[in-house]
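Quick notes on the structure that follows.
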Amino acid sequence: MSTNAFETEHFKAWTGADKASFEEHASKVHKLSTKPSNEDLLELYGYFKQTTVGDNTTARPGGILQFADKYKWDAWMKHKGLSQDEAAKKYIAVAARLIAADAK
C-alpha cells in the first residue's frame, strides 16, 4: 500500500461528491497554527482512515508500549462499517470546527 493516503485504491475509486472538500479540509488541518487535542486528532484519524482505506482489517497492536498505535487502531476500528461518504462528511465536520476555532 502506498504511503500517501490519497493514493490508495480505495480512495482513488471513490466518486463521492465530498471528495474535493475532504482533500481540502485534510490539507488545511495540517496547517493549523495550534495543535488539536489528542481526542480531536484521534477522531480525525479514525474518519480519515475510514475514508481513505475503508474498514480496519488489521490486528490490534499488542506491544506493551504501543499506546499511540493502540489508540489510533481503536479510533479507526470505531468506524468499521461506516461508508466512505459518511466518514468523509464526519471528517469534514470535525476539520471545519477545528479550522474555525484556529481562525479566531
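The values are calculated or read from the model by the stated rules, or taken from the named source; none is laboratory data. Remember, it's a predicted structure, so these values are computed and weren't measured experimentally. Heads up, the Cβs are rebuilt from the backbone with ideal geometry, glycines too, and the neighbour counts pull from every protein chain shown.
Numbers below:
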| read-out | value |
| --- | --- |
| Hey, Gly63 more than 11 Å from the chain's Cα centre (by Cα), assigned to a loop (DSSP other than H, G, I, E, B) and among the small types (Gly, Ala, Ser) or not | yes |
| Residue check for Thr34: part of a loop (DSSP other than H, G, I, E, B) and within 17 Å of Gly81 (Cβ to Cβ) | no |
| Index of the failed condition, Asn56 passing every other in (1) exposed (fewer than 13 other Cβ atoms within 10 Å of the Cβ); (2) in a loop (DSSP other than H, G, I, E, B) | (1) |
| Residues of region 14-33 satisfying the condition of being more than 19 Å from Ala103 (Cα to Cα) and among the aliphatic types (A, V, I, L, M) | Ala17, Ala20 |
| Conditions (1) at pLDDT 95 or above; (2) of a type outside the set (Ser, Thr, Tyr); (3) assigned to a loop (DSSP other than H, G, I, E, B); (4) under 28 Å from Asp102 (Cβ atoms); number of the one not met by Gly81 | (4) |
| Criterion (in contact with a Gly (Cβ under 8 Å, 6 or more places away or on another chain), touching a residue at least 40 places away in the same chain (Cβ under 8 Å) and closer than 21 Å to Glu7 by Cα) met by exactly one of Asp18, Asp85 | Asp85 |
| Extreme residue, farthest from the chain's Cα centre (by Cα), among residues of region 89-104 that are touching a residue at least 40 places away in the same chain (Cβ under 8 Å) and over 11 Å from Val29 (Cβ atoms) | Lys89 |
